[in-house]
Structure formats: C-alpha cells, structure tokens
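> Quick one: the structure is below, and I'll ask about it shortly.
The values are calculated or read from the model by the stated rules, or taken from the named source; none is laboratory data. Owing to the predicted nature of the structure, the values given are computational and were not obtained by experimental measurement. Cβ placement follows ideal geometry from the backbone for every residue including glycine, while neighbour counts extend to all protein chains displayed. The protein model used for the area step is the full one, side chains on, heavy atoms only, and it has no ligands, DNA or RNA in it. Shrake-Rupley method; radii C 1.70, N 1.55, O 1.52, S 1.80 Å.
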Amino acid sequence: MEISLQEFFDLQPYELDKEQKEKMLSAHLGKLTEYHREYCGLYKKLTDGIGYKKEAINTYYDLPMLPVRLFKKYDFKSVVGEQISKTMTSSGTSGQQVSKIHLDRETSLNQSKTLVKICGDFLGNKRRPMLIIDSQ
C-alpha cells in the first residue's frame, strides 16, 4: 500500500487495519532505509557490514535493526550542516552519553503534524487550558 505523505496526514490515526498499516509501513521504511544508506556513509557501512540486501526485504520486519547504543557512540547524519534545523537528544540519565537525532525542517514539521494528529484523536481539536510548573 503506497500513499503520499499528504494522503497519510489525511488519514485518522487508527483508521487502517493491521495489514494495511504493515504494507504502508513496509513501503515507507524500505524507502527510508535506502535514503539513509545513500546520504549517511556510516549507516551504509554498517548495513553493508551486516549483509543488508534490498532485494531480501519483503516487510519492515526484515529491515536491519540498530542498537540504540549506536546513536550514543556515533553521529549518524543523513542531513548536512546547514539543513539541520533541530537536533533531538536523549535524556542521558545516569551520566550516560546522549543519543542525537538530526532533523531537517521538513521532517521536524512532519513530526509536529503527526503529534497534533495523534493527540487530537485523544483530546479533541479544541484548545485546552494548560498549566506547566517547573523547577530545578
């Protein structure tokens, strides 16, 4: 099941059944894997090293899984310097090194749209009062 990003955003968060989601996710994650292999030399080297073959991928379950720890030790980037609009980091609890995920503007906006869509499904689309209290 292949749909455009706009068609994806037009869907309700839980509209697709399991089989439809799996087909859509497999198609998009397969393309995303190829994108990162093309634009991140470190990711390509890693996936080549574990024997990744595009033709052997039938579902997203077949895609290479990376230990989260790698994102703490190495700086995987598929976006070059001036295209990076946001760098997300893990909390780095217990004094551990933080993981970094670098996003371009388009990806950052798509994340925001997705969050609004999912939260809107639970909370509705009306603006709600919110109070945030923070201290050291």
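> On full extension of the chain, what length is gained from Leu5 through Lys117, given 0.36 nm per residue of separation minus the C-alpha to C-alpha distance?
Length gained, Leu5 through Lys117: 39.0 nm.
> I'd like the distance between the alpha-carbon centres of region 23-62 and region 86-104, rounded to an integer number of Å.
23
> Can I ask one more? Could you order Glu15, Glu55 so the one with the most accessible surface comes first? Probe is 1.4 Å.
Per-residue accessible area, sorted high to low, gives Glu55, Glu15.
> From largest accessible area down, sort Phe8, Phe122, Phe71, Phe76; use a 1.4 Å probe on the protein chains.
Of Phe8, Phe122, Phe71, Phe76, the descending order of accessible area is Phe122, Phe8, Phe71, Phe76.
> Residue by residue through region 106-113, which ³J(HN,Hα) values in whole Hz follow from phi under the Karplus form 6.51 cos²θ - 1.76 cosθ + 1.60 (θ = phi - 60°), with glycine and proline marked x?
4, 5, 4, 5, 5, 4, 5, 4
> What is the calculated FRET efficiency for Lys31 to Asn125, with r their C-beta to C-beta distance and R₀ = 25 Å, to the nearest 0.05?
0.25
> Further question: Could you order Leu103, Leu109 so the one with the most accessible surface comes first? Probe is 1.4 Å.
Largest to smallest exposure gives the sequence Leu109, Leu103.
> Counting only protein heavy atoms, what percent of the accessible surface of region 4-66 is carbon or sulfur at a 1.4 Å probe?
56
> Once you sort the root eigenvalues of the Cα gyration tensor of region 1-114 as a ≥ b ≥ c, which label holds: rounded (a/c under 1.5), prolate (a/b larger than b/c) or oblate (the other case)?
oblate
> With contacts defined as alpha carbon pairs under 8 Å and 6 or more residues apart, what's the relative contact order of region 12-136 in percent?
Reported relative contact order: 21 percent.
> Moving on. In Å², what does the accessible area per residue of the chain work out to with a 1.4 Å probe?
Value for the chain: 80 Å² per residue.
> What does the highest-first list of 29-39, 110-120 look like by mean Cβ count within 10 Å?
Per-residue mean Cβ counts within 10 Å order the peptides as 29-39, 110-120.
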